[in-house]
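> Sharing a structure, written as structure tokens. Questions coming.
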Amino acid sequence: MTINGWLQIAVLFTAVVLAAVPLGAFMAKVYAGKRNVLTPFLAPVEKGFYALAGVDPAREQSWRSYALAMLMFNAAGFALLYAILRLQGVLPLNPQGFSGVAPDLAFNTAVSFVTNTNWQAYGGETTMSHFSQMAGLTVHNFLSAATGLALAMALVRGFARSKAPTVGNFWVDMTRSTLYILLPLALVTAVVLVALGVPQTLVASVGATTLEGAKQTIAIGPVASQVAIKQLGTNGGGFFNVNAAHPFENPTALTNFVEIWQMLVISVATVFAFGRLVGDNRQGRALIAVMGILLLAGVAITYAAEAAGTPMLHDAGLNLADGNMEGKEVRFGLALSALFAAVTTGLSCGAVNAMHASFTPIGGLVPMFLIQLGEILPGGVGSGLYGILIMAIIAVFVAGLMVGRTPEYLGKKIEAKEVKMAMLAVLILPTVILGFSAVAAVLPQALAGLSSAGPHGLSEILYAYSSATGNNGSAFAGLSANSVWYNTTLGFAMLLGRFAYIVPMLAIAGSLAAKTRLESSTGTFPTHGPLFIGLLVGVILILGGLQFFPALALGPIAEQVLMLAGKTF
Amino acid sequence: MFDASILRQAVVDAFKKLNPAALARNPVIFVTEVVALLVTVLFVRDLWTGASAFFTGQIAVWLWFTVLFANFAEAVAEGRGRAQANTLRQARTDTIAKKLYDQDRKELFQKVSAVELQVGDLVLVEAGDLIPGDGRIVEGIASVNEAAITGESAPVIRESGGDRSAVTGGTTVISDWLVVEITAAAGSSFLDRMISLVEGAERQKTPNEIALNVLLAGMTIIFLITVVTLAGLGRYSAADVPVPVLVALLVTLIPTTIGGLLSAIGIAGMDRLIRFNVLAMSGRAVEAAGDVDTLLLDKTGTITFGNRMASEILPVPGVSERQAAEGALLASLADETSEGRSIVTLVQEKYGLRAPAEAPVGARFIEFSATTRLSGVDIGDRRLRKGAVDAVLRFARDVSGGTVAHSAFAANVDRIARSGGTPLGLVESGQLLGVIHLKDVVKPDIKERFAELRRMGIRTVMVTGDNPVTAAAIASEAGVDDFIAEATPQDKLDYIRGAQTEGRLVAMCGDGTNDAPALAQADVGVAMQSGTQAAREAGNMVDLDSNPTKLIEVVGIGKQLLMTRGSLTTFSIANDVAKYFAIIPALFIAAIPQLGILNVMGLSTPQSAILSAVIFNALIIVALIPLALRGIPYRPRSAAMLLRRNLFIYGLGGLIVPFIGIKVIDLAVTAIGWA
């Protein structure tokens, strides 16, 4: 590890926070329906959409109607995307002449983009037409991110309101998320990326002649626009197969910096917005601190593990200072690769700029564990906030009793209903990840997809199901995931990870909104100080650690101890 | 705290509670029992097939112990309640009632068994009789010994009409007689309810207990998944894990500690309240007491001593303080009211005057009357009077036959009134002597207690019939946060509703029928045992000592119950970390020897590591039974301080203790040769 490396990491986190504070304030205004800087330009457009769709923006929904609207919207989105992928052969903007996508892959991909996962069992440049990329995938990069933001706001309203029967209007939240937040940010940052050298064109490819005189076809396309939203919306689905490691998706260290910033900025801003909306900025800052501590720990461990390299590299006589550069891009280096890996998994983004499978076992454990902690550090847009609020509810319930009162969080009593729904939500992750992994670990057709034996193979399986269930979408690389077994099971893992989590979460929102918001006093469990931050960090680590420790012991931990003993896979 | 007979009975009950139908209420312990049975079956199979069964047998034994220890904890808590119920039951021995058919002809009654009485029946209760059932006095006044209910042997006066008309079955009339209208049928009387409450027969899970149970069930499912999937993951890694070992891992991970102690904690919390002579009608009320953040306290008796007392004597110019004091003394010599006696005490203590042993010769005492509003004494031609300020002025004018200069006198009167006191004029013939300051005396340590409550985030509100000026003065002296002056029952009700809409939880106590609506509206309503039946029905707690100050302690007991639950839950979950470090390396060390570096405790063998974790898991339940029953120490502090302290002890302690405990057990297990 070097000072320079840490400086790069520090500068990036600072840049994120500096942008997220005003963005959070702006978002709080947008979701409260208050006048903001964009109102003069966008309010007429917004009204136009409502008129077009016949939505009365003043009419709010109960949590049930909100959930129903969300599910219907996503079901329709899934159906449309599935159709586009299957029919892309006859649809326009298909310069490469790709045929329709196979049913299992289309199912997997449609689920993947609707759930904000962007797991890609395909190589973009060799499978998807421009139409599929733009009208299919990119559209869902916006909509799935907007869905996450809308859902988070429903939960925030549950906390902020007192004795309210409703949690907001799904259509209004969706429209505002897309119109005021995602579109403007994507537009501006896409232009920045273009300026920094990312291509944006409808031309399919350019020909080149190599020094040896060979003809080479280099795929290009509308890259910048998709990269901007895949990063901002924590989607992560790359235009190219190797994602942000590709020189057109992420040409320089500077674009790398911008892309990491893009991943973080909305998720962090949402938490600041939450603080404003519940009327206590300290509450938002405490959650940011929890996310920051754990994410930074993840970055540090990965960075340290990669910088330390492996005994084999040392034996080969390589420079110790280089660490483990296998699978990393020289233009990014160790620090920004470690940072990218931790951020993309601490978030539910899943874009990658290095191959996680080529990390040292511990370096690879961190991204996997960050996903397994529930994608809350700081998590996907919206989903990170509601995820960490669920964890906070559990932490407050366990420890809150210790101050001698029925636990309350932000003035809302945490009772059986909330605990039940929170437990239902957190059960999803271990059930789906460990359940599918345990089956895949003994199933011949699943094992056929592995590229390595031993603990590394187990890591490939664990990582795939963690990534799918956590709606992350990054791949450990190595696993041949485009098979009927993986396409189907990973598809279901993504669906469960998203929607089986959301419904109980919305039930909590509804139940909280209906409760009286209690006034806080010195007798109230304080949820903004260092004590609570430490507590929440502890609960997240212990709960997540207890669930996944045995599996991780057999995967990356076993691989690490074996590697130190000189055995690799 | 532990009686040998209770413990003996508890051991028997622990085995009876193994009945799965009963255990199913407790998901964690139920799962433990199911897997204990499973391992036992495997043990029998191993014995049958001749495989080495010693290790499996030991695991099975300790799993059963885990279940039994949890049952034992609950049985001890129940046993203590039952012992109390037996004492109460002795008061319920079959009573013979004198049933009246005509209230006006008391000589005509029929002796019937108390069980046959119907609601609405009239009974005559005479000196020496047991009151046959709960009822309302319709006629008569009598002293009643309520020791059977309250444990307090001093008799109380009960009379028809007003707020003291309720009587409780099982109490004894000591003097005079009463005609009582029965208001509760046999079997649903106060005493019956009390017995079933302390016995825990009517015990239902409280809201918080339900929520905690959900959490524990959820964690049990999570660990079930973790352990079951380990079968598949282990097979992939060529580290097949035998079922007894998987079971051992499961049982040590699921929160058996808090699962086993949860109901004992709840029962013990109710029990503590009962020992404190407060009867909660439901466990829900005890929890609500812990949540309360606004206390409505009656001024009289709780904040002040209840009687106004003389605190100073302010002479008019030209009269010495000593002169005025002497006048006050003489005027109060025959005054037997508490105010009069307090004047005598003040004069003696502050001015060193002595009350004459006998009345001065020729003294003629004038008693207080509502028309003159004066009292005093005539000794010769000295005519001393004290009383209401206007009455004193009129007296002075009448005697002197002209105007009386009184500007200094009036200034003092004003000052006293503004400070919340009551001015009492003092006059000798036509000459004003001064003003006596009568004051509501605030209890000496009450201000500190209120400050303590404030630190806990609890607001105190004083309820008084005084005028706003007086109330404000006393409120500031006592350090309450708010007050309701000239309070009517409707005012109290409105105040409670207002506070509740602001998101506050309110506790109050009351005794009169007109308190009933407010008692019912309050989140915690403590009715006085001396109060009316209506008040007792409306509240969710009854204070058998009828001491309104206890409201503060009731809140403490509620908090202690919740704190005990939370602390043991935290402890239980924190324990899991150490158990992982004991069991996980033991599971996989055969397949991947390098994982031995996770064996941070240096446990001797895999078998010993697993066994030690299971033994620790069982023994910790027993070790914590006293804490569960006693409750964790509670001192009023701010939530932040309580959290820091408890998180340190039970969170950090819960992380560290099992590392030490498992290591020690491992050494012992190895030394004995069990593994």
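The values are calculated or read from the model by the stated rules, or taken from the named source; none is laboratory data. As the structure is a prediction and not an experimental result, all values here were calculated from the model. Neighbour counts are summed over all protein chains in view; Cβ atoms, including those assigned to glycine, are modelled from backbone coordinates with ideal geometry. Surface areas here come from the heavy atoms of the whole protein model, side chains and all, with no ligands, DNA or RNA. Shrake-Rupley method; radii C 1.70, N 1.55, O 1.52, S 1.80 Å.
> Please list, in chain and number order, the residues 5+ apart from B:A239 or on another chain whose amide H is under 5 Å from its amide H, with Hs placed from the backbone.
Placed amide hydrogens put nothing under 5 Å from B:A239.
> Regarding the range B:531-675, what are the three Cα extents along the principal axes, ordered largest first, in Å?
Principal-axis extents of the Cα atoms in the range B:531-675, largest first: 74, 31, 22 Å.
> Report, to the nearest 10°, how far helix B:446-455 tilts away from the longest principal axis of the Cα atoms in chain B, using its own Cα long axis and a range of 0 to 90°.
40 degrees
> Peptide B:288-294: average number of partner chain Cβ atoms within 10 Å per residue?
Neighbouring Cβ atoms belonging to other protein chains average 4 per residue here.
> Same structure again: Using a 1.4 Å probe and counting only protein heavy atoms, arrange B:Y236, A:Y82 so the residue with the most accessible area comes first.
Solvent-accessible surface, decreasing: A:Y82, B:Y236.
> Calculate the dipole size of chain B relative to its Cα centre from +1 charges on Lys and Arg beta carbons and -1 charges on Asp and Glu beta carbons; express the result in debye to the nearest 20.
1860 debye
> Give the ranking of B:K559, A:K567 by solvent-accessible surface, highest area first, calculated with a 1.4 Å probe.
Details: B:K559 5, A:K567 110 Å².
From most exposed to least exposed: A:K567, B:K559.
> Calculate one ³J(HN,Hα) per residue across the range B:505-521 by plugging θ = phi - 60° into the Karplus curve 6.51 cos²θ - 1.76 cosθ + 1.60, and present them in order as whole Hz with x for glycine and proline.
Working through the residues one at a time gives 10, 10, 10, 8, 10, x, 10, x, 4, 6, 7, 3, x, 5, 4, 6, 6 Hz.
> Can you give me the solvent accessible area of B:R415 with a 1.4 Å probe, rounded to the nearest 10 Å²?
B:R415 exposes around 100 Å² with every protein chain in place.
> How many nm separate the modelled label positions at B:I379 and A:A43, each set 7 Å beyond the Cα in the direction of the Cβ?
According to this spin-label approximation, the distance is 8.8 nm.
> Using the Cβ atoms and a cut-off under 12 Å, what net charge is assigned to the surroundings of B:L297, where Lys and Arg are +1 and Asp and Glu are -1?
+3
> With the crude spin-label approximation of a point 7 Å out along Cα→Cβ, what separation in nm comes out for A:A565 versus A:N4?
3.8 nm
> With each label point set 7 Å from Cα along the Cα-Cβ vector, what nm distance links B:N19 and B:K447?
Inter-label distance under the simple model: 6.0 nm.
> With θ set to phi - 60° and the Karplus curve 6.51 cos²θ - 1.76 cosθ + 1.60, what are the ³J(HN,Hα) couplings of the range B:213-230 in order, to the nearest whole Hz, using x for Gly and Pro?
Going residue by residue, I get 4, 4, 4, 5, 5, x, 5, 4, 5, 4, 6, 4, 5, 4, 6, 5, 5, 4 Hz, with x marking Gly and Pro.
> Ok, one more. Between chains A and B, what is the buried accessible area summed over both chains (1.4 Å probe, protein heavy atoms, nearest 100 Å²)?
Chain pair A/B: roughly 5100 Å² of buried accessible area.
> Two decimals is fine: what is log10 I(q)/I(0) at q = 0.09 Å⁻¹ for chain B, from a Debye sum with one equal scatterer on every Cα and no solvent?
-0.91
> Starting from 0.36 nm per residue, how many nanometres of slack lie between A:E519 and A:A76 once their C-alpha separation is accounted for?
Between A:E519 and A:A76, full extension yields an extra 155.3 nm.
> Roughly how crowded by other chains is peptide A:430-439, in terms of the mean Cβ count from those chains within 10 Å of each of its Cβ atoms?
For peptide A:430-439, the averaged partner shielding equals 5.
> Can you give the angle from 0 to 90° between the axis of helix B:389-400 and the longest principal axis of chain B, with both taken from C-alpha atoms, to the nearest 10?
Once rounded, one gets 20 degrees.
> Pairs of Cα atoms under 8 Å, at least six residues apart: use those to get the relative contact order of chain A, whole percent. Write down the numbers at each step before the final one.
Values: 1043 pairs, mean separation 112.3, N = 569.
RCO, chain A: 20 percent.
> Let me ask another. Full-extension gain between B:T300 and B:V12, please, as 0.36 nm times their residue separation minus the C-alpha to C-alpha distance.
Extra length available between B:T300 and B:V12 comes to 98.6 nm.
> Karplus couplings for the range A:475-488 from phi (6.51 cos²θ - 1.76 cosθ + 1.60, θ = phi - 60°), rounded to Hz, Gly and Pro as x?
3J(HN,Hα) across the range A:475-488, in whole Hz: 10, 6, 6, x, 7, 7, 8, 7, 10, 4, 4, 6, 4, 6.
> How would you rank A:358-368, B:591-601, highest first, on the average number of other Cβ atoms within 10 Å across their residues?
A:358-368, B:591-601
> Please sort A:288-295, A:152-159 by packing, taking for each peptide the average over its residues of neighbouring beta carbons within 10 angstrom, highest first.
A:152-159, A:288-295
> Another question, if that's okay. Return one whole number: the accessible area per residue of the protein assembly as shown in Å², for a 1.4 Å probe. Walk me through the intermediate numbers first.
Working: 45200 Å² over 1244 residues.
Using a 1.4 Å probe on heavy atoms only, each residue of the protein assembly as shown averages 36 Å².
> Identify, among A:Q560, A:Y386, A:L496, the residue whose Cα sits farthest towards the positive end of the charge dipole of the range A:282-564, taking +1 on the Cβ of Lys and Arg and -1 on the Cβ of Asp and Glu, with the dipole about the Cα centre.
Of the candidates, A:Y386 comes out farthest on the positive side.
> Here's something else I'd like to know. Can you compute the FRET efficiency between B:I157 and B:R341 using 1/(1 + (r/R0)^6), with r the Cβ-Cβ distance and R0 = 25 Å? Round to the nearest 0.05.
Working: r = 22 Å, r/R0 = 0.88.
Taking R0 as 25 Å, the efficiency between B:I157 and B:R341 is 0.70.
> When the convex hull of the C-alpha atoms of chain A is computed, what volume per residue in Å³ does it have?
149 Å³
> Evaluated at 10 °C with a viscosity of 1.306 mPa s, what Stokes-Einstein diffusion coefficient in µm²/s does the range A:282-564 have when Rh comes from the Kirkwood expression over alpha-carbon pairs?
Numbers: Rh = 19.6 Å.
Reported coefficient: 81 µm²/s.
> Can you give the accessible area of A:S474 in Å² (nearest 10), computed on protein heavy atoms with a 1.4 Å probe?
So the heavy atoms of A:S474 present about 0 Å² to solvent.
> Which cross-chain or sequence-distant (5 or more) residues have an amide H under 5 Å from the amide H of B:I141, H modelled 1.01 Å from N in plane?
Counting only residues 5 or more places away or on other chains, the set is B:W177.
> Another question, then. Give the average, rounded to an integer, of partner chain Cβ atoms located within 10 angstrom of each Cβ in A:548-559.
Per residue, the average neighbour count from other chains is 6.
> Let me ask something else about it. Sorting B:I59, A:I557 by accessible area (1.4 Å probe), largest first, what list results? Provide the component values of the computation, followed by the final result.
Values: B:I59 0, A:I557 30 Å².
The ordering from most to least exposed comes out as A:I557, B:I59.
> Now for a different question. When the Kirkwood radius is taken over all Cα pairs of the protein assembly as shown, what Stokes-Einstein diffusion coefficient follows at 10 °C and 1.306 mPa s, in µm²/s?
Working: Rh = 35.3 Å.
The Stokes-Einstein estimate is 45 µm²/s.
> Keeping all protein chains in position, work out how much accessible area B:S237 exposes to a 1.4 Å probe, and write it in Å² to the nearest 10.
So the heavy atoms of B:S237 present about 20 Å² to solvent.
> By how many degrees, between 0 and 90 and to the nearest 10, does the Cα long axis of helix B:54-89 differ from the longest principal axis of chain B?
20 degrees
> Which value at 222 nm does the protein assembly as shown reach when only helices count, each DSSP H run of 4 or more adding -39,500 (n - 2.57), with the total divided by all residues and rounded to the nearest 500 deg cm²/dmol?
Working: 45 runs with 686 residues, N = 1244.
Taken over the protein assembly as shown, the calculation gives -18000 deg cm²/dmol.
> How high is the FRET efficiency between B:T488 and B:T403 when r is their beta carbon distance and R₀ equals 45 Å, given to the nearest 0.05? Present the calculation step by step, with values, prior to reporting the outcome.
Values: r = 41 Å, r/R0 = 0.91.
With a Förster radius of 45 Å, E is 0.65.
> Taking amide hydrogens as modeled 1.01 Å from N in the peptide plane, which residues meet the under 5 Å criterion relative to B:S546, leaving out close sequence neighbours?
Here the answer is B:Q529, B:S530, since their amide H atoms fall under 5 Å of that of B:S546.
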